[in-house]
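Just so it is clear, none of the values below were taken in a lab; they were calculated from the coordinates. These numbers were taken from a predicted model, which means no experiment stands behind them. Here the Cβ is made from the backbone with ideal geometry for all residues, glycine too, and neighbour counts use every protein chain on show.
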Amino acid sequence: MQKQRTTSQWRELDAAHHLHPFTDTASLNQQGARVMTRGEGVYLWDSEGNKIIDGMAGLWCVNVGYGRKDFAEVARRQMEELPFYNTFFKTTHPAVVELSSLLSEVTPAGFERVFYTNSGSESVDTMIRMVRRYWDVKGQPQKKTLIGRWNGYHGSTIGGASLGGMKYMHEQGDLPIPGMAHIEQPWWYKHGKDMTPEEFGLVAARWLEEKILEIGADKVAAFVGEPIQGAGGVIIPPASYWPEIERICRKYDVLIVADEVICGFGRTGEWFGHQGLGFTPDIFTAAKGLSSGYLPIGAVFIGQRVADGLIEGGDFNHGFTYSGHPVCAAVAHANVLALRDEGIVARVKDDIGPYMQKRWRETFSQFEHVDDVRGVGLIQAFTLVKNKATRELFPDFGEIGTLCRDIFFRNNLIMRACGDHIVSAPPLVISKAEVDEMLGVAARCLTEFEQTIKARGLV
């Protein structure tokens with residue numbers, strides 16, 4: 001049992017012993033972390049008893065909402081029966097077999113094989129090794145380079161951070177590693193100029209063709225992208241973008257990889273984001289929604305072409321102690337069943353997703369310094385801008401976003417700032433009344449934000 005402590009005691013211990021991810025530790029410890037103690041549905045409670053609307057589903061992951069006691073019971077039973085065994089040495093176990101079989105039912109046709117990891121970052125690093133191994137087996141070992149996008153996010157391991165296009169991450173650790181290249185992101189609002197979104201989508205996709213030709217098609221292994229960029233600010237590409245990307249990749253025999261860590265398992269209203277964006281990848285990665293964050297588990301789904309190549313090649317010398325961990329697999333199985341059999345994914349597509357998108361646009365389009373109000377399913381965003389008429393962004397991209405986010409947090413609403421994009425991805429079980437409640441708080445926060453930036457002379 002955990003000791004019951006006061007908020008100040010927890011903060012003191014946290015500051016003394018815990019290094020947080022993506023955090024300025026000295027600054028956090030001076031302020032003190034907010035201590036979350038309980039969750040139910042779309043709500044969290046902190047150690048001071050404040051009820052908080054979680055507009056981010058944790059970190060884009062708690063798709064079924066907090067407090068599923070049935071998942072806890074599944075974990076308990078599995079822990080009692082077989083708490084751990086590996087899948088390395090000619091062994092398997094029922095939990096991972098049943099999960100794999102179930103996943104083959106919800107993934108698109110042609111994705112019959114899955115490899116397990118413990119996180120999205122590990123899934124991306126596994127995918128990198130798979131892609132390069134595939135081309136080795138096919139007698140083209142020179143095809144090593146993977147192309148990502150600036151402002152894309154593919155995790156924080158050395159491989160994933162290199163493939164991702166977050167320059168502030170590259171600045172630490174001599175990244176990117178060799179064999180990684182990047183093209184510009186398909187952000188129409190900033191880069192589209194006088195083009196229609198459809199025209200811009202084709203232009204942005206052809207940046208990939210230019211990069212392939214620059215490197216040499218015989219050296220390019222894969223193009224990797226999130227169907228919708230998540231941590232980059234919910235950048236939704238024009239409808240023309242992904243089909244043209246696929247055409248280009250097929251033309252030059254370059255594999256297409258979809259990073260579905262955020263979009264996967266119902267976030268967009270489809271089981272996987274690529275299904276609604278008009279392309280078919282060769283491989284896709286997943287994590288977060290696979291277990292709704294209840295236990296750490298990730299996966300790489302391998303299309304038939306690549307799977308056949310990997311099998312042809314004999315040993316694939318890669319894996320993790322906890323690949324297909326029995327307890328994680330059992331809970332993920334329960335989660336996928338819930339998403340399917342309780343109609344959660346279907347409801348995002350047909351009911352609560354359209355409702356959120358309508359209300360999101362109604363709520364935020366009215367504000368003077370909010371533009372590019374966008375979203376699909378239950379992933380949405382808007383951008384804070386200095387001048388809507390000219391699409392002028394604020395200088396020092398990110399400072400204004402952080403100011404806005406902190407106002408939300410102070411008012412017990414969690415939404416995230418990605419630069420000056422304010423993004424939201426609540427649990428998929430959110431009700432219409434809870435959407436209205438969330439957006440009502442957000443509108444009051446935006447009013448305070450606009451008053452604040454005017455008072456400070458920032459506009």
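So which lysines can residue 51 reach, going by Cα to Cα under 19 Å and dropping same-chain residues fewer than 8 places off?
Qualifying lysines at Cα under 19 Å: 432.
How would you classify the range 305-459 from its alpha-carbon gyration tensor, with a ≥ b ≥ c the square roots of the eigenvalues: rounded for a/c under 1.5, else prolate if a/b is greater than b/c, otherwise oblate?
Working: a/c = 2.52, a/b = 1.80, b/c = 1.40.
Cα axes put the range 305-459 in the prolate bin.
Please label the shape of the chain as rounded, prolate or oblate, based on the square roots a ≥ b ≥ c of the eigenvalues of the alpha-carbon gyration tensor (a/c under 1.5 means rounded; beyond that, a/b larger than b/c means prolate, else oblate). List each step's numbers first, then the result.
On the way: a/c = 1.60, a/b = 1.13, b/c = 1.42.
Oblate shape, in that a/c is at least 1.5 and b/c is the bigger or equal ratio.
Once you charge only the Cβ atoms, +1 for Lys and Arg and -1 for Asp and Glu, what is the size of the charge dipole of the chain about its Cα centre, to the nearest 20 debye?
240 debye
When 364, 115 are ordered from fewest to most other Cβ atoms inside 10 Å of their Cβ, what list results?
364, 115
Hey, rough spin-label estimate for residue 168 and residue 19, points 7 angstrom out along Cα→Cβ, what's it come to in nanometres?
Between residue 168 and residue 19, the simple spin-label model gives 1.9 nm.
Among 447, 427, 79, whose Cα sits farthest toward the positive end of the charge dipole of the chain (+1 at Cβ of Lys/Arg, -1 at Cβ of Asp/Glu, about the Cα centre)?
447
Let a ≥ b ≥ c be the square roots of the eigenvalues of the Cα gyration tensor of the range 220-374; is it rounded (a/c under 1.5), or, if not, prolate (a/b larger than b/c) or oblate?
Cα axes put the range 220-374 in the oblate bin.
Helix hunt in the chain: which complete DSSP H runs extend at least 27 Å axially by C-alpha with mean Kyte-Doolittle at least -0.5?
Long hydrophobic helices here: 197-215, 432-455.
Relative to the compact-globule scaling 2.2 N^0.38 Å, provide the ratio for the alpha-carbon radius of gyration of the range 70-341.
Details: Rg = 18.5 Å, N = 272, 2.2 N^0.38 = 18.5 Å.
Its radius of gyration relative to the 2.2 N^0.38 Å reference: 1.00.
Rounded to the nearest 500 deg cm²/dmol, what is the calculated helix-only ellipticity per residue at 222 nm for the chain, with -39500 (n - 2.57) per DSSP H run of length n ≥ 4?
So the helix-based figure for the chain works out to -12500 deg cm²/dmol.
Amide H of residue 143 versus every other amide H placed in the peptide plane: which residues, excluding those fewer than 5 positions away on the same chain, fall under 5 Å?
Correct list: empty.
Could you name the lysines whose alpha carbon sits less than 24 Å from that of residue 386, not counting residues in the same chain fewer than 8 places away?
167, 190, 193, 454
Alpha carbon centre of the range 228-279 versus the range 4-37: separation in Å?
37 Å
Starting from 0.36 nm per residue, how many nanometres of slack lie between residue 35 and residue 104 once their C-alpha separation is accounted for? List each step's numbers first, then the result.
Details: separation 69, 0.36 × 69 = 24.84 nm, distance 3.87 nm.
Between residue 35 and residue 104, full extension yields 21.0 nm more.
Please give the contour-minus-distance gain from residue 459 to residue 317: 0.36 nm per residue of separation, less the Cα-Cα distance, rounded to one decimal in nm.
Gain on extension, residue 459 to residue 317, equals 45.5 nm.
In nm, to one decimal, how far is the modelled label at residue 362 from the one at residue 91, with both set 7 Å along Cα→Cβ?
The answer from the label model is 5.7 nm.
Residue by residue, what Karplus-based ³J(HN,Hα) values in Hz, rounded to whole numbers, does the range 44-49 have, using 6.51, -1.76 and 1.60 with θ = phi - 60° and x for Gly and Pro?
Those phi angles translate into 10, 10, 9, 5, 9, x Hz.
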